[in-house]
Amino acid sequence: MDQSQAQDIADRIIDNIQKVIIGKAQAVELAVIALLSHGHVLIEDVPGVGKTVLGKSLARSIDCVFKRIQLTPDMLPSDITGVSIFNQQTREFEFRPGPVLGQIVLADEINRATPKTQSALLEAMEERQVTVDGITHKIASPFMIVATENPIEHEGIFPLPEAQLDRFMIRIQLGYPSFVDEISIIDSQRLQHPIESLSAVASADEVKEAQEAVKAIFVHDQVKRYIVSLVQATRTHDDAALGASPRAGLALFRSSQALALLRGRDYVIPDDVKELAVPVMAHRVIVTPSARMKRVETHRIVEDVVGHVAVPGGQATGWVDRG
């Protein structure tokens with residue numbers, strides 16, 4: 001599959017989702033970028049803005065096996081990965097796969113599950129497999145977890161550990177719709193929810209071929225150095241207790257390739273990297289206690305880094321290495 005065909009598939013998926021998600025073009029684009037980059041998405045925002053609907057719309061736009069996990073505090077890891085059950089007729093154990101062995105998996109309200117249950121997703125997210133009773137089960141491709149969480153609740157939730165946050169390629173924040181968009185949302189749901197009539201516009205094989213086309217997007221060595229410079233700068237920032245990991249650099253590299261494809265280019269430019277720096281890195285940075293007291297947010301740290309690290313061919317503007 002050439003680049004133009006891959007771009008056409010991505011555009012079809014984006015247009016299809018936007019039939020349901022109104023006025024959030026950037027959020028929809030970020031979700032598709034993660035899909036094309038073999039990544040996972042964390043959708044974090046207040047209730048009622050369309051987090052779950054975005055995940056379901058993405059799943060319905062692709063002809064893949066869709067599974068939904070409604071996370072609750074009483075769930076066990078086996079409720080996610082599956083369990084081996086003894087068959088009395090065959091006198092053997094049979095594996096009953098859990099919902100994580102789907103292809104597009106919606107993990108709704110992920111922070112309501114206990115840390116033990118959340119950890120059941122780690123192997124699947126990183127290695128595309130689950131191990132149950134010592135036996136490894138591969139997950140079919142394409143595979144993507146779309147997780148949602150409400151950041152404002154404090155009762156009955158378990159914040160995601162850093163190791164799990166780092167496995168999400170992109171964090172999406174939808175925000176409230178504009179006045180005009182909210183009127184459009186009301187009109188679109190007057191008779192029925194538009195997601196009910198949403199159909200698949202791409203097959204699993206087409207998505208896999210588009211993912212391979214993304215890997216062929218050219219990235220110059222100077223752009224690679226720029227990516228690494230951004231990642232390393234988060235580690236020496238005064239307000240960061242923990243900066244972005246090497247996995248963040250890989251995520252920024254791969255997602256920039258996908259964004260270049262969406263823009264109709266066969267090469268990555270620094271602006272692609274800058275556009276994706278916050279959604280890819282902000283959720284991986286931990287703020288120092290003193291900065292938290294000053295209400296410094298992680299996206300501000302990443303924005304500060306982007307504003308000071310020299311782009312290829314340019315000069316740094318007042319950046320001082322705090323290492």
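The values are calculated or read from the model by the stated rules, or taken from the named source; none is laboratory data. Everything numeric in this text was worked out from a predicted model, so none of it was measured. Using ideal geometry, Cβ is built from the backbone for each residue, glycine included, and neighbour counts are taken over all protein chains shown.
Here is a check on your reading of the model: is GLN7 free of Cβ contacts under 8 Å to residues at least 12 places away in the same chain, in the same structural domain as SER197 (by TED's automatic domain parsing) and not small (Gly, Ala, Ser)?
no
Take residues that are under 21 Å from VAL32 (Cβ atoms) and among the polar types (S, T, N, Q) and tell me which of the helices (runs of 4 or more DSSP H) falling wholly in the range 214-323 contain 1 or more.
246-262
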What pairs come up if the first residue lies in the range 292-316 and is under 15 Å from ALA240 (Cβ atoms) and modelled with pLDDT under 90, the second is assigned to a loop (DSSP other than H, G, I, E, B) and polar (S, T, N, Q), and their beta carbons are under 9 Å apart, counting only those six or more places apart or on different chains?
VAL296/THR288
When restricted to ALA233, ALA260, ALA244, the only residue buried (at least 20 other Cβ atoms within 10 Å of the Cβ) and touching a residue at least 60 places away in the same chain (Cβ under 8 Å) is ALA233
Go through GLN222, GLN192 for me and flag whichever is over 22 Å from the mean Cα position of the chain (by Cα) and outside the structural domain of VAL46 (by TED's automatic domain parsing).
GLN222
Name every residue in the range 130-153 that is within 23 Å of ILE43 (Cα to Cα) and surrounded by 14 or more Cβ atoms within 10 Å (Cβ to Cβ), in order of residue number.
ILE139, SER141, PRO142, PHE143, MET144, ILE145, VAL146, ALA147, THR148, GLU149, ASN150
Within the range 18-52, of all residues that are hydrophobic (A, V, I, L, M, F, W, C), over 15 Å from the mean Cα position of the chain (by Cα) and modelled with pLDDT of 90 or more, the one surrounded by the fewest Cβ atoms within 10 Å (Cβ to Cβ) is ALA25
Filter pass, ILE104 being under 24 Å from TYR176 (Cβ atoms), in the same structural domain as THR131 (by TED's automatic domain parsing), in contact with a strand residue (DSSP E or B) (Cβ under 7 Å, 6 or more places away or on another chain) and buried (at least 22 other Cβ atoms within 10 Å of the Cβ)
no
Checking ASP108 against (1) in contact with a helix residue (DSSP H, G or I) (Cβ under 7 Å, 6 or more places away or on another chain); (2) of a type in the set (Asp, Glu); (3) free of Cβ contacts under 8 Å to residues at least 24 places away in the same chain, which single condition isn't satisfied?
(3)
So which residues in the range 52-105 are touching a Ser or Thr at 6+ places or on another chain (Cβ under 8 Å), of a type in the set (D, E, K, R) and in contact (Cβ under 8 Å) with a residue 24 or more places away in the chain, if there are any at all?
ARG60, ASP63, ASP79
Does the range 283-301 contain at least one residue that is surrounded by 16 or more Cβ atoms within 10 Å (Cβ to Cβ), of a type in the set (A, V, I, L, M), closer than 19 Å to HIS237 by Cα and within 13 Å of the chain's Cα centre (by Cα)?
no
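I'd like the full set of residues that are of a type in the set (A, V, I, L, M, F, W, C) and either surrounded by 15 or more Cβ atoms within 10 Å (Cβ to Cβ) or without any contact (Cβ under 8 Å) to a residue 40 or more places away in the chain (or both), limited to the range 161-179.
Of everything in the range 161-179, those that are of a type in the set (A, V, I, L, M, F, W, C) and either surrounded by 15 or more Cβ atoms within 10 Å (Cβ to Cβ) or without any contact (Cβ under 8 Å) to a residue 40 or more places away in the chain (or both) turn out to be LEU165, PHE168, MET169, ILE170, ILE172, LEU174, PHE179.
SER245 - would you say it is at negative phi, modelled with pLDDT of 95 or more and of a type outside the set (Phe, Trp, Tyr)?
No.
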